[in-house]
Structure formats: C-alpha cells, structure tokens
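No lab work stands behind these numbers, since they all come straight from the coordinates. Predicted model only: the values in this text are computed from it and were never measured. In this analysis, Cβ positions are derived from the backbone assuming ideal geometry, glycine residues included, and neighbour counts consider all displayed protein chains.
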Amino acid sequence: MRTDSSDGDQSSRAIASVVIPAHNEERVIGRLLDALVSEDPATPIEIVVVCNGCADATAAVAAGYGDRVFVIDLPEPSKRKALRAGDKASTSYPRVYVDADVEISAESIQRLADAVRGTAFLASAPQRTIPRDGVGLLVRWYYDVWERLPQVRSGLFGRGVIALSEAGNQRIRDLPPMMADDLVVSEAFAAEERIVVDDAVVVVHPPRRLRDLHRRRVRSATGNAQTDAAGLRRAGSSTSISSLIHLVRAEPRLMIKMPVFVGVTAVAKLAARGAIRRGDFDTWLRDESSRSEV
C-alpha cells in the first residue's frame, strides 16, 4: 500500500528524495520526520517512508504528516526490499537514505545533496553527533575511542545517512545483500569519490547500557565477517592493533578507555562466531534502549 496525498509538482521540484526504511519504529520516527518537515518547504525534499513488516503504528505515525510524506507499507520485514521500493517510488536525485532512528534536518539533507550534485563526489554523509545523556560510563568510553578511529572518521558508515548521486546510486544497485549495508555502500566508493560534509549533522542515538552495546557490536562483527568473506571491505577499513596504539600515542587520555573498547570488541567477535559458522546473516540484534525515553 502506498499513501500518497502530495501533488506531482512538489515531487518534481524536490531538491532530493529521502528514503526511510522503517521496521517497528513508531517510538522514534516522529523525531526524524519532525526535523525533516519543520523547515521552509521553498526548497522541498521528497520524503518516502517504507514501512516493512511493521507490527506497530509506524505507518500511521508517518501518514500523520500528510502531504509532506509518502508512505509505503510492505508486509515483509526486509530492509533491502524496503530500499528498493523506496527507490522505485522516488522521483528525484540526489537520493538520500536515512535510518528511521536517527535525526537529521532538511537543511543538512540539502547540504548532502549539494555535495554530490554536479561534483566529482558520488556519495556523501553527514558529521555524526552521538549524545551521551543517559548513557552508561563504559558505553561512553567505548564511543570515545570508536569515534576517533581513522576509518570511522572518514567512512560513510555508522551515520545512518548516505546521499548518492544518480551515478552513485547506479553503482550500488547490484551489490549483494549484506548485513553491514552501510559499510558495503561506503566501501563501494574510493576516498576521492566520497565526502563527509562538515556542515551537515546527524544525531545517532547510542545504546545506553553495556548489554545493549554488546548486541550492536555482535551484529557489527557478524556483518563485518560477511563483508570480508565477500571481499567487499578494504584493508584500511578494519581496526588494527597499530591503529589503536597510534591513537593512544596521539591522545594519551584514551589509555584508560582503550581496555573497554578492546574488551567489548573481543567479546562481540567471540559471540558472533556461532552466527558466522551457521551463515546466519539475517538475525538482526536490535538495541531497544536507544529507542526509549531517557
């Protein structure tokens, strides 16, 4: 089902199309849509929310934004199918893919679109902000290290938002389905073909407790292993011991936090071994703590 009450003129004038796959996101999708529709529509963006396999009111919440949002409701929970349906329904380029649990403004969307429109860049992503309010100490320490890793600073993954030009969209269209989909998209572009836009910002809500972080990191370790096996990750995008040593040398204050980062990473890799052996790259270990009120 598609709920579409907007007129064709607004879609044809859109500066970009935003595709939001959403699975049971009724608690958080409103904060994203509020940010996207709250600004002057003189330079409109086309917003397509693709609910997939939802057992909650995600579709109703999105439809409540009226003619500013297109809503597609798919019966099967599949992010890949949701993205394809969103692509098919969208009418404009650049195309911006946004996770439903992040927050980004229409102004930042425009800056991401401008970065890939008529330039050498095929893909762009915003600077990330990871709020620490209500987050446990060890989780904060983990992210204090993670955010400073070179590949995390330069890659497009882990931001929940990626913008693509039409040529960039064509490049990723035939990539195989992968659990670490944002990593695979980021790795599809050479460093000179992608850009992190300094004046575009996304808020990425972190897990609040160590056990919630563990779920995320197990999922990440599983997805990374699948990506490596498929040969879709560049060597420089993985974390090495030497890169951690260099980080501590550059910022000695991280020394006390480094054991937390290393420990969480090691435990997650161990926990992911079973799923990797079984070839289970479909089970999505979701962190619910970042989707609840502080």
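Summary of values
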| item | result |
| --- | --- |
| Where the Cα pairs of region 28-170 fall when distances are cut into 5 Å bins, in % | 2, 9, 16, 20, 19, 16, 11, 6, 1 |
| For region 135-243: rounded, prolate or oblate by the Cα gyration tensor [a/c cutoff 1.5] | prolate |
| Rel. contact order, % - alpha carbon contacts under 8 angstrom, at least six apart, region 103-294 | 32 |
| Residue-wise HN-Hα coupling along region 270-279, computed from phi with Karplus coefficients 6.51, -1.76, 1.60 (Hz; x: Gly, Pro) | 5, 5, 7, 4, x, 4, 5, 4, 6, x |
| Kirkwood hydrodynamic radius of the chain, from inverse mean 1/r over distinct Cα pairs, in Å | 19.7 |
| Rounded tilt (10° steps) of 106-116 against the dominant C-alpha axis of the chain | 80 |
| Distant-in-sequence amide H partners of Asn24 (H built 1.01 Å from N, under 5 Å) | Asn52, Cys54, Ala55, Asp56 |
| Relative contact order for region 121-194, counting Cα pairs under 8 Å that sit 6 or more residues apart, in percent | 49 |
| Residue among Phe157, Ile109, Val37 farthest towards the positive dipole end of the chain, charges placed on Cβ | Phe157 |
| Computed magnitude of the charge dipole of the chain (debye, nearest 20; Cβ of K, R +1, Cβ of D, E -1) | 1560 |
| Acute angle (nearest 10 degrees) that the helix 137-146 long axis makes with the longest principal axis of the chain, alpha-carbon atoms | 80 |
| Principal-axis tilt of helix 241-250 within the chain, Cα atoms, nearest 10 degrees | 90 |
| Linear extension gain, Arg249 paired with Asp199, 0.36 nm per residue minus alpha-carbon span | 15.1 nm |
| All-pairs Cα distance distribution in region 49-121, expressed in whole percent, bin size 10 Å | 17, 46, 30, 7, 0 |
| Centroid-to-centroid separation of region 45-94 and region 241-294 [C-alpha atoms, Å] | 31 |
